[in-house]
Amino acid sequence: MQQSFEPDSPSVAQNLLDAGCDAAFIRQYAQLKGLSEQLLLLRKHRRTLLDRIHEEQHRLDCLDYLIYMTSRTQK
């Protein structure tokens with residue numbers, strides 16, 4: 001049995017908040033009528049989050065390299 005999600009339900013809104021969506025995004029999502037539009041919006045937000053992860057990973061890599069190089073000079 002497949003569960004359906006109403007785009008304007010409190011549980012969906014809470015899930016979107018937990019996923020980092022702001023109030024404007026949640027309103028936009030709730031107003032969409034078609035599943036394909038909802039999926040497109042969700043996938044777009046997912047891509048944005050993934051891009052942020054990649055940016056932060058690059059920053060961590062740079063910092064790790066600096067830590068490594070600094071610790072090498074101490075030896």
Given charges at beta-carbon only (K, R positive; D, E negative), |dipole| of the chain in Debye | 260
Return the calculated 222 nm mean residue ellipticity for the chain, to the nearest 500 deg cm²/dmol, obtained by summing -39500 (n - 2.57) across DSSP H runs with n ≥ 4 and dividing by the residue count.
-> -26500 deg cm²/dmol
Residue-ordered couplings for the stretch 21-38, obtained by feeding phi - 60° into the Karplus form 6.51 cos²θ - 1.76 cosθ + 1.60 and rounding to whole Hz (Gly and Pro as x), are 7, 8, 4, 5, 5, 5, 4, 4, 4, 5, 7, 6, 9, x, 4, 5, 5, 4
For Cα extents along the principal axes in Å the list reads (1) 34, 34, 16; (2) 39, 23, 21; (3) 62, 29, 19; the calculated value is entry (3)
Peptides 45-58, 21-34: what's the order by average Cβ count within 10 Å, highest mean first?
-> 21-34, 45-58
So, counting K/R as plus one and D/E as minus one, what does the shell of residues with Cβ under 13 Å around residue 19 add up to?
-> +3
Give a residue-ordered list of calculated ³J(HN,Hα) values for the stretch 47-52 (Karplus: 6.51 cos²θ - 1.76 cosθ + 1.60, θ = phi - 60°; whole Hz; x for Gly, Pro).
-> 5, 4, 5, 5, 4, 5
Net +/- balance of residues flanking residue 66 in space, Cβ distance below 12 Å, scoring K and R +1, D and E -1 = 0
Positive end of the charge dipole of the chain (Lys, Arg +1 and Asp, Glu -1 on Cβ, about the Cα centre): tell me which of 57, 73, 19 has its Cα farthest that way.
-> 73
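Just so you know, all these numbers are worked out from the coordinates, no wet-lab data involved. Model, not experiment: these values are computed from the prediction. Positions of Cβ are backbone-derived with ideal geometry, glycine not excepted, and every protein chain shown enters the neighbour counts.
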